[in-house]
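What follows draws every value from the coordinates through simple rules; no lab data is involved. These figures come from a predicted structure and were not determined experimentally. Glycine gets a Cβ as well: all are built from the backbone with ideal geometry, and neighbour counts include every protein chain shown.
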Amino acid sequence: MFDHLKEQASRVLADRSRPVDDRLQDLCGLLRASVPHYNWVGFYFRNGKREELKLGPYAGDPTDHTIIPFGKGICGQVALSNQNFVVPDVSAQDNYLACSLNVKAEIVVPIFVGGENIGQIDIDSHTTDPFSEADVEFLETIAGEVARIL
Ligand code: SME
């Protein structure tokens, strides 16, 4: 599944005739529509020089978490750790910001530009423990491609 989706995603991202945010928006919609266990797909980016993340393009239900301080929630922890964070069961996390009671699992993969963690891809799932190594590998590839167009 991910091989075909990678090709589609690359095509969306490579279309230089369109603004970056439009391409990221379409990418979110593509991933959400294509992968049954991706129920919310979005980007957070560092908010200028502040120690906080700002919500970027996303597909799925609106979230209250439009600004997330570094260190808060799964996203804020990834801003500091520079590591992927796979959460099979969000109810087991103390430092977690709930978007909706339907969300059971989450994965966050950082995006690096010039070695600097400038943002992340965040995915929520309504299924418990849905993410495998294939998701991680896929999302790392996407994060790398996104980094190249920023
Ligand atoms: N659950 C995230 C907050 C962002 S929402 O998932 C869209 C967190 O704990 O950082």
Does Leu80 meet the test of being more than 30 Å from Arg16 (Cα to Cα), in contact with a Gly (Cβ under 8 Å, 6 or more places away or on another chain) and surrounded by 14 or more Cβ atoms within 10 Å (Cβ to Cβ)?
-> no
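Condition check ((1) assigned to a strand (DSSP E or B); (2) exposed (fewer than 13 other Cβ atoms within 10 Å of the Cβ)) across all residues:
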| position | (1), (2) |
| --- | --- |
| Val103 | no, no |
| Val108 | yes, no |
| Phe112 | yes, no |
| Gln120 | yes, no |
| Thr128 | no, yes |
| Phe131 | no, no |
| Ala134 | no, yes |
| Gly144 | no, yes |
Taking only pairs six or more apart or across chains, which ones have beta-carbon atoms under 8 Å, a first residue in the range 98-127 that is within 16 Å of Thr141 (Cα to Cα), and a second residue that is in a strand (DSSP E or B) and among the polar types (S, T, N, Q)?
-> Ile107/Ser125; Val108/Gln120; Val109/Gln120; Pro110/Asn117; Pro110/Gln120; Ile111/Asn117; Ile111/Gln120
Taking into account only those residues within the range 71-124 that are within 10 Å of the ligand (Cβ to nearest atom) and hydroxyl-bearing (Ser, Thr, Tyr), which is farthest from Val35 (Cα to Cα)?
-> Tyr96
Of Leu101, Leu55, Leu80, the only residue that is among the hydrophobic types (A, V, I, L, M, F, W, C) and within 15 Å of the chain's Cα centre (by Cα) is Leu55
Within the range 53-70, is even one residue more than 10 Å from the ligand (Cβ to nearest atom), in contact (Cβ under 8 Å) with a residue 40 or more places away in the chain and touching a helix residue (DSSP H, G or I) at 6+ places or on another chain (Cβ under 9 Å)?
-> yes
